[in-house]
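The values are calculated or read from the model by the stated rules, or taken from the named source; none is laboratory data. From a predicted model like this one, the values you see are computed outputs, not experimental measurements. Cβ coordinates were reconstructed from backbone atoms using ideal geometry, including for glycine residues, and neighbour counts include every protein chain displayed.
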Amino acid sequence: MRRLVQRRGYNGFGLTELLADAGAPKGVLYHHFPGGKVALAVEAVQRSAESTVASLRAVLAEKRTVKAALVAWLEGAAERLEKSGFANGCPLATITLETAATEPALREALDAAFSQLRAALAETLTSEGRSRAQAERLSALFISAYEGALLQARAARDTSIVVSTLRALEPLLTPDPA
């Protein structure tokens with residue numbers, strides 16, 4: 001589900017195609033996900049959020065500064081987008097654009113997913129001495145810029161917008177000297 005959503009969006013495939021891709025009979029879907037495609041998409045959103053937060057935390061732990069980590073994280077996302085031939089966008093953004101207004105359960109799962117991302121980033125920003133309010137503002141800005149840059153890069157089939165966005169954000173990610 002995550003792979004299909006990432007490539008084609010929530011509405012870009014039907015259950016028959018999803019089940020064929022998974023090599024599973026229809027009964028399996030409704031046994032594990034009685035709510036059908038929406039319930040499966042909610043699970044995919046939750047897993048995507050967990051995976052994305054884990055990758056963000058891993059790069060934050062690996063780098064010496066938040067700035068270095070976020071530069072590496074955004075550059076990695078741009079590289080993966082380019083390697084996929086600009087087919088694999090962010091699954092959270094793709095589902096949000098298609099379903100937030102029409103599927104309340106998905107909207108709630110997406111809101112929680114983006115909140116998790118912002119919270120993970122804000123937590124690290126506060127560890128560099130920023131106030132909680134400043135960390136929350138910066139994390140909201142960064143996640144918004146990240147999503148927007150990837151969306152634009154996918155449309156243009158060019159990652160230069162990601163690089164431009166990153167360069168614009170870098171000064172904001174440098175902590176003020178004490």
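Here's the yes/no breakdown for (1) more than 16 Å from the chain's Cα centre (by Cα); (2) of a type in the set (A, V, I, L, M); (3) under 29 Å from LEU15 (Cβ atoms):
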| residue | (1), (2), (3) |
| --- | --- |
| VAL42 | no, yes, yes |
| SER51 | no, no, yes |
| ALA61 | yes, yes, no |
| THR65 | yes, no, no |
| ALA78 | no, yes, no |
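Residue check: is THR96 without any contact (Cβ under 8 Å) to a residue 24 or more places away in the chain, in contact with a Leu (Cβ under 7 Å, 6 or more places away or on another chain) and closer than 26 Å to SER160 by Cβ?
yes
Filter region 79-113 for residues that are surrounded by 20 or more Cβ atoms within 10 Å (Cβ to Cβ), of a type outside the set (Val, Ile, Thr) and assigned to a helix (DSSP H, G or I) and give the result.
Answer for region 79-113, where residues must be surrounded by 20 or more Cβ atoms within 10 Å (Cβ to Cβ), of a type outside the set (Val, Ile, Thr) and assigned to a helix (DSSP H, G or I): LEU81, PRO91, LEU92, LEU106, ALA109, LEU110, ALA113.
Restricted to region 1-54, and to residues that are surrounded by fewer than 13 Cβ atoms within 10 Å (Cβ to Cβ) and of a type in the set (Asp, Glu), which residue is modelled with the lowest pLDDT?
Here the answer is ASP21.
Taking region 41-93, which residues are basic (Lys, Arg), touching a residue at least 40 places away in the same chain (Cβ under 8 Å) and either under 24 Å from GLU170 (Cβ atoms) or in contact with a Phe, Trp or Tyr (Cβ under 9 Å, 6 or more places away or on another chain) (or both)?
Those that are basic (Lys, Arg), touching a residue at least 40 places away in the same chain (Cβ under 8 Å) and either under 24 Å from GLU170 (Cβ atoms) or in contact with a Phe, Trp or Tyr (Cβ under 9 Å, 6 or more places away or on another chain) (or both): ARG57, LYS67.
Give region 121-140 a look and list any residue that's in contact with a Ser or Thr (Cβ under 8 Å, 6 or more places away or on another chain) and surrounded by fewer than 19 Cβ atoms within 10 Å (Cβ to Cβ), or say none.
GLU128, ARG132
For region 82-95, does any single residue satisfy the condition of being closer than 15 Å to GLN46 by Cα and among the aromatic types (Phe, Trp, Tyr)?
No, there is no match, as no residue in region 82-95 is closer than 15 Å to GLN46 by Cα and among the aromatic types (Phe, Trp, Tyr).
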